[in-house]
Amino acid sequence: MTVRIRKPTVAGTFYPARAHALNAELNRCWHDRKVLNVPPPKAIIAPHAGYVYSGAVAATAYATLAPLVGTVERVVVLGPAHRFALQGFAVPEAQIWQTPLGLVQIDAKAVDELANLPDVVRSDLAHEREHSLEIHVPFVQRALGEVALVPVLVGQITPDRVAKLLEQLWGGPETLIVVSTDLSHYHDQATARKIDDTTVRHFETLDFESLSADCACGAHPVAGLLAHAKAIGMRCAAVDVRTSADTVGDPSRVVGYASCLLWA
């Protein structure tokens, strides 16, 4: 049987393509993160832009996972499909996910079970050029070491269906949930901050019904996470909110980023 490998698509553009350079860039992200003293979360929301723009914001969330090393065995990553017209969900046909830092095993049992659901298709094509999940895998490797991965692209789907899928994958302390999204796109800095502040309030109050793709490209997976979190009595806190202008971008045309932590 031939092992199918999902190879990096945006290595060399969104993040460095060589392991040494990627580790150095991750070190920078960790250095520029916000340092928190909080309990480790069950789930995180984090951005998926190029590391020079959003990497430090993502690192704020990922650094809180340090106490979970050796406990978390599986990371479920949900992100929006930017380049593939998708109704429902797509899981990969590949068994391995490759990054410049090495190979990550895809949880074949979980993917097989998901593939039996009516909203789920298996498609390497859907995953082939998508960055919203790929961006997170080196962070997962850096923060947690050797774990299994459940990569799920989310297309047009209602929050209750996303919540149902998450319920199936939720597990216990061995499972971490990661949802990938950026916030507003291409407004000036002042406008973006106003929009993003409202979006973050929706996140923190678990107001999944108020989310739209205009305020967060990952609105569908985030809404599902918030719906499930609300149903089981979780709380959500935004721990780092910035824009590309706060890092290296043009303040007249920015993208917003946030990292949020969710606890039971």
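The values are calculated or read from the model by the stated rules, or taken from the named source; none is laboratory data. Not measured: the values here are computed from a predicted model. Because the Cβ atoms are built from the backbone with ideal geometry, glycine has one as well, and the counts that use them run over all protein chains shown.
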Among the residues of region 200-208, are any in contact (Cβ under 8 Å) with a residue 40 or more places away in the chain and over 22 Å from ALA264 (Cβ atoms)? no
Does region 252-264 hold any residues that are under 16 Å from ILE195 (Cβ atoms) and either in contact with a Leu (Cβ under 8 Å, 6 or more places away or on another chain) or at pLDDT below 95 (or both), and which are they? VAL255, GLY256, TYR257, ALA258
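When you go through ALA59, ALA19, ALA49 one by one, which is the residue that is out of contact with any strand residue (DSSP E or B) (no Cβ under 7 Å at 6 or more places or on another chain), crowded, with 17+ Cβ neighbours inside 10 Å and small (Gly, Ala, Ser)? Walk me through it before giving the result.
On the way: ALA19 fails: crowded, with 17+ Cβ neighbours inside 10 Å; ALA49 fails: out of contact with any strand residue (DSSP E or B) (no Cβ under 7 Å at 6 or more places or on another chain).
The match here is ALA59.
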Considering only residues of region 21-69 that are over 26 Å from GLU130 (Cβ atoms), touching a residue at least 12 places away in the same chain (Cβ under 8 Å) and part of a loop (DSSP other than H, G, I, E, B), which is nearest to the chain's Cα centre (by Cα)? PRO40
Scan region 111-134 and tell me whether some residue there is part of a strand (DSSP E or B), surrounded by fewer than 19 Cβ atoms within 10 Å (Cβ to Cβ) and of a type outside the set (Val, Ile, Thr). yes
Mind listing just one residue for me: the one in region 186-213 that is within 18 Å of the chain's Cα centre (by Cα) and among the charged types (D, E, K, R) and, of those, surrounded by the most Cβ atoms within 10 Å (Cβ to Cβ)? ASP196
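Condition first: assigned to a strand (DSSP E or B) and on the phi < 0 side of the Ramachandran plot. Now tell me which residues in region 89-110 satisfy that.
Going residue by residue through region 89-110, those that are assigned to a strand (DSSP E or B) are 89-91, 96-99, 102-106.
If the condition is that a residue be assigned to a strand (DSSP E or B) and on the phi < 0 side of the Ramachandran plot, then PHE89, ALA90, VAL91, ILE96, TRP97, GLN98, THR99, LEU103, VAL104, GLN105, ILE106 are the ones that fit.
Quick check on ALA237: is it closer than 12 Å to VAL179 by Cβ, in contact with an Asp or Glu (Cβ under 8 Å, 6 or more places away or on another chain) and aliphatic (A, V, I, L, M)? Spell out the reasoning first.
Numbers: closer than 12 Å to VAL179 by Cβ: no; in contact with an Asp or Glu (Cβ under 8 Å, 6 or more places away or on another chain): yes; aliphatic (A, V, I, L, M): yes.
It is false that ALA237 is closer than 12 Å to VAL179 by Cβ, in contact with an Asp or Glu (Cβ under 8 Å, 6 or more places away or on another chain) and aliphatic (A, V, I, L, M).
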Among the listed residues LEU153, LEU183, identify the single one that is within 17 Å of ASP240 (Cα to Cα) and within 15 Å of the chain's Cα centre (by Cα). LEU183
